[in-house]
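Here the structure comes first, spelled out in structure tokens, and everything after it is commentary.
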Amino acid sequence: MALLTEYSCRATPGRRVVEVYDADAYLGDEDALAAARSQVVAGDGYHLYLRSLQPHIDVEVTIRIWDGSPPAPPADAEGDIAIGIESETGILVVNQLGLGPAGETPLPRPGVYEGHAWWTNRQAVADYYDTTLDRLAEDPPDAWLLEAWHSCPVTERYVLDLTYIREPEPDPDDED
């Protein structure tokens, strides 16, 4: 198994969520978004929702495409879950809810990709966030809180390890 491509970007988890979706899949899925509350990562086939425990400190999202079965999550992963996503365009967008796209990456080809998501430092960043808010002075300088978010000593990270499975399903709206 060889790594074909890897893409990483930082994203702010607006409303505690970062979304990954095909460039043409604009409408979200409320059920999948709700499922991410308990599963951390959940999707509907065209969207994946990554659920952070805090809404302001940037997280790192990494998308890795493998030529065979992805490697197992590392031993220090806080959790992992099987995932799949279909991309008709061959482009995945990393979106910050309420803030817009943080980045996008081309896939080797359009299609259905399956694998797993895993994450690290989710709880550590949430603890830092809560501790910072607890220490917040009644009238802090304007930039103090922003500087505190940028000074987090660890990075919350989500990794999507995927492999190509098959061509995308034909769009029934395109058939005339």
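The values are calculated or read from the model by the stated rules, or taken from the named source; none is laboratory data. Here the structure is a predicted model, which is why all the values come from computation and not from measurement. As a convention, Cβ positions derive from the backbone with ideal geometry for all residues, glycine included, and neighbour counts pool all protein chains shown. Each accessible area value is taken on the protein alone, full model and side chains, heavy atoms only, with ligands, DNA and RNA left out. Shrake-Rupley method; radii C 1.70, N 1.55, O 1.52, S 1.80 Å.
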Checklist entry - To the nearest 20 debye, what charge dipole does the chain have about its Cα centre, counting +1 at the Cβ of each Lys and Arg and -1 at the Cβ of each Asp and Glu? => result 780 debye
Checklist outcome for this item: On the accessible surface of the chain, probed at 1.4 Å with all protein chains in place, carbon and sulfur together account for a percent value of 48 percent
Checklist outcome for this item: So for R0 = 25 Å, FRET eff. of Asp67-Tyr26 from the Cβ-Cβ r, to 0.05, ends up at 0.25
Checklist entry - Tell me, what is the percent relative contact order of the stretch 26-176, built from C-alpha pairs under 8 Å that lie six or more residues apart? => result 30 percent
Checklist entry - For the stretch 80-111 and the stretch 119-159, what is the separation of their C-alpha centers, rounded to whole Å? => result 27 Å
Checklist outcome for this item: For the stretch 105-174, dividing by residue count, accessible area per residue (probe 1.4 Å) in Å² works out to 59 Å²
Next on the checklist: Modelling each spin label as a point 7 Å along the Cα-to-Cβ direction, I'd like the Ala124/Trp144 distance in nm, to one decimal.
Outcome noted: 2.6 nm
Checklist entry - Given a Förster distance of 22 angstrom, what is the FRET efficiency for Ala137 paired with Arg10, based on the Cβ-Cβ distance and rounded to 0.05? => result 0.20
Item to check | Cα gyration tensor shape for the stretch 27-168, rounded if a/c is under 1.5, else prolate or oblate | outcome: prolate
Checklist entry - What percent antiparallel are the DSSP beta bridges of the chain, to the nearest 5? => result 85 percent
